[in-house]
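Undergrad: Quick one: the structure is below, questions incoming.
The values are calculated or read from the model by the stated rules, or taken from the named source; none is laboratory data. Small disclaimer: the values here were computed from a predicted structure and weren't measured. Cβ placement follows ideal geometry from the backbone for every residue including glycine, while neighbour counts extend to all protein chains displayed.
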Amino acid sequence: MSQNRITGKTRIVHRHLRFGWWSLLCFLSLGIALETMHGFKMGYYLDTNNETRRLMWTLAHTHGTLLSIVHLVFASTLRILPQENSKLQRLASPCLCGASILMPGGFFLGGLIFYGGDPGIGILLLPVGALLLLLAVSQTAMSLGQLGEKSAQKAQGKTEEAASPNQ
């Protein structure tokens, strides 16, 4: 397929497939690193006074892995849409990318430097990322709301055309 024939929708699908697979690799690697620190009983990670760090980094790994998979599902969803949807491309796509950076990043930074039992200031990225994720998911859900109805209306119109006699 030549570069001139790639549509905007295809470009967005490719972006989310790349983002999803690369971020999945990144967050699974983080999970392996956390398990390694746990296995070697590293005090920086396991000491009781570092419980906040352990929780925040585990949440960063978990949310990052989940959001990576959401990117793959989003790309698959875009592929099944019968036509391009500019709202998904202009709003949901960048919001999902932002959420996938801000949410795990907020958890990770919140555990990097913390105060007593409270996460560090990096945790403030989390609510912004959560709002972006909520916006992306709601926009995607609303775009799919009439998916079956439009297909059913087109099929019904074709059935009526075929059933009407043209004599």
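Undergrad: I need the full set of residues from region 66-76 which are hydroxyl-bearing (Ser, Thr, Tyr) and either surrounded by fewer than 18 Cβ atoms within 10 Å (Cβ to Cβ) or touching a Lys or Arg at 6+ places or on another chain (Cβ under 6 Å) (or both), in order please.
TA: Applying the first criterion (hydroxyl-bearing (Ser, Thr, Tyr)) to region 66-76 yields 68, 76.
Within region 66-76, Ser76 is the sole residue that qualifies.
Undergrad: Same structure, new question: Quick one: in region 113-144, which of the residues that are over 30 Å from Ile80 (Cβ atoms) and modelled with pLDDT under 95 is surrounded by the most Cβ atoms within 10 Å (Cβ to Cβ)?
TA: It comes out as Phe114.
Undergrad: Could I ask something else about it? What helices (runs of 4 or more DSSP H), lying completely within region 16-129, carry at least 3 residues that are without any contact (Cβ under 8 Å) to a residue 12 or more places away in the chain? Show your work before the answer.
TA: Details: elements: 43-46, 51-80, 93-112.
Per the criteria, 43-46, 51-80.
Undergrad: Only one of (1) under 18 Å from Leu125 (Cβ atoms); (2) surrounded by 16 or more Cβ atoms within 10 Å (Cβ to Cβ) fails for Cys26. Which number is that?
TA: Tallying (1) under 18 Å from Leu125 (Cβ atoms); (2) surrounded by 16 or more Cβ atoms within 10 Å (Cβ to Cβ), Cys26 fails exactly one: (2).
Undergrad: Pick out the one residue from Arg53, Arg79, Arg90, Arg18 that is among the charged types (D, E, K, R), on the phi < 0 side of the Ramachandran plot and surrounded by 14 or more Cβ atoms within 10 Å (Cβ to Cβ). Walk me through how you get there before you give the answer.
TA: Details: Arg79 fails: surrounded by 14 or more Cβ atoms within 10 Å (Cβ to Cβ); Arg90 fails: surrounded by 14 or more Cβ atoms within 10 Å (Cβ to Cβ); Arg18 fails: surrounded by 14 or more Cβ atoms within 10 Å (Cβ to Cβ).
It is Arg53.
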